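These notes are about the structure you will find just below.
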């Protein structure tokens, strides 16, 4: 699991935790916590409360082109 999280660092992810879905950039993940930078600021989530971490799908505009951030 640690290798997968290392690959996701500095990328857009979706984190599912106790009925809440967070979307942001995965800054760091260690044995105890996950650190995200979201649109609303920084979020720290305890690792034991996380159900799933997945890469965020690419956002597309109305023409079907991938959005650049």
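All of the numbers you see were taken from the coordinates with simple rules; none came from a lab. In this text, all values refer to a predicted model and were calculated from it rather than measured experimentally. So basically every Cβ, Gly included, is an ideal-geometry build from the backbone, and we count neighbours across all protein chains shown.
Before moving on, here are some points about what is shown:
- Within the chain, helix-based [θ] at 222 nm, where runs of 4 or more DSSP H residues each add -39,500 (n - 2.57), nearest 500: -2500 deg cm²/dmol
- Packing-based exposure ordering (other Cβ within 10 Å, fewest first) of 52, 23: 52, 23
- Across all directions, the shadow cast by the convex hull of the chain built on its C-alpha atoms averages 5.1 square nanometres.
- Here the simple spin-label model places points 7 Å from the Cα toward Cβ, and for residue 6 and residue 37 these points are separated by 2.2 nm.
- The label point for residue 14 and the one for residue 56, both projected 7 Å from the Cα toward the Cβ, are 1.1 nm apart.
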